[in-house]
1. Using alpha carbons only, how many angstrom separate the centre of the stretch 70-142 from the centre of the stretch 146-198?
2. Three principal axis extents, largest first, for the C-alpha atoms of the stretch 90-197, in Å?
3. Give me a comma-separated list of calculated 3J(HN,Hα) values for the stretch 180-190, in order, Karplus coefficients 6.51, -1.76, 1.60 applied at θ = phi - 60°, integers in Hz, x for any Gly or Pro.
4. Name the long-range amide H neighbours of Ser170: under 5 Å, sequence gap of 5 or more, or other chain; modelled H, no Pro or chain starts.
5. With no solvent and one equal point scatterer per Cα, compute the Debye intensity ratio I(q)/I(0) for the stretch 105-152 at 0.33 Å⁻¹ and report its log10, rounded to two decimals.
6. Apply the Karplus curve 6.51 cos²θ - 1.76 cosθ + 1.60, θ = phi - 60°, to the phi angles in the stretch 150-159 and return the couplings in whole Hz, x for Gly and Pro.
7. At 0.36 nm per residue, minus the direct Cα-Cα distance, what do Thr137 and Thr70 gain on full extension? Give it in nm, one decimal, please.
8. What is the list of residues in the stretch 169-198 whose amide nitrogen lies under 14 Å from a point 7 angstrom out from the Cα of Val78, following Cα to Cβ?
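Where a number appears in this text, it was derived from the coordinates with a stated rule and is not lab data. Quantities reported herein were computed from a predicted structural model and do not represent experimental measurements. Positions of Cβ are generated from backbone atoms using ideal geometry, with glycine treated the same way; all protein chains shown enter the neighbour counts.
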Amino acid sequence: MKLLLTSLTLAMLIFTGCSQKNPDVDMTAKNGNNNATQMETDKKADDLTGMDTANGTSNDMNTNNNNVETAMNDANAVAEAIAALERDINKIYFDFDQYSIRPDMEAKIKSNARLLNSMNAQDLSIKVEGNCDEWGTDEYNYALGLKRAKSVKEALVSFGVDKGRIMIVSYGESNPVCSESNKACWDKNRRAEFKLLP
């Protein structure tokens, strides 16, 4: 009987003890799984964000490429318009060792002024380049080229071209269009040319 009571008590203690006992759970495995799941969720979110960022970057790049392409097209159109205008501008020629405008060049300067004041050219800057033949020293020819460019500038201004648009430069004898040593060639080198700038 004692044995039965002892066995019963022992069984009750075991059952009662087991029901109140907190189970040992391997939290690292569960947390590992949770962490893995969280990492997968974070990775998916990062991937989506990355896709959004990549798409945003791609869109930004496309916009930038379109802007660059538009700017290049605009620049090419301006360059072509300038080249067309420069082909129509008359060169102004000078007599030997002279910088005054010859009577036969006045109509050409007037024509140039009309062209330079036209709608197509009115926003462009004008560079007048003075040039000389090979006669004289370098210093003398640079000074003479500058005087020629200045004479042309003053003539253009007298025909209504805004003087603020015009700059002058001298190349002296350093920019010949002809290199033969004869009168016809020297005549071609004694000139003022025009360059248009945006």
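1. Each part reduced to its Cα centre gives a spacing of 7 Å.
2. Sorted from largest, the Cα extents of the stretch 90-197 read 41, 25, 20 Å.
3. Ordered by residue, 3J(HN,Hα) equals 7, 8, 8, 4, 4, 5, 4, 4, 5, 7, 7 Hz.
4. Correct list: Gly130.
5. -1.15
6. 5, 4, 5, 4, 4, 5, 4, 4, 5, 9
7. Extending this stretch completely gives an extra 19.3 nm.
8. Once the point is set 7 Å along Cα→Cβ of Val78, 196-198 turn out to lie under 14 Å by backbone N, inside the stretch 169-198.
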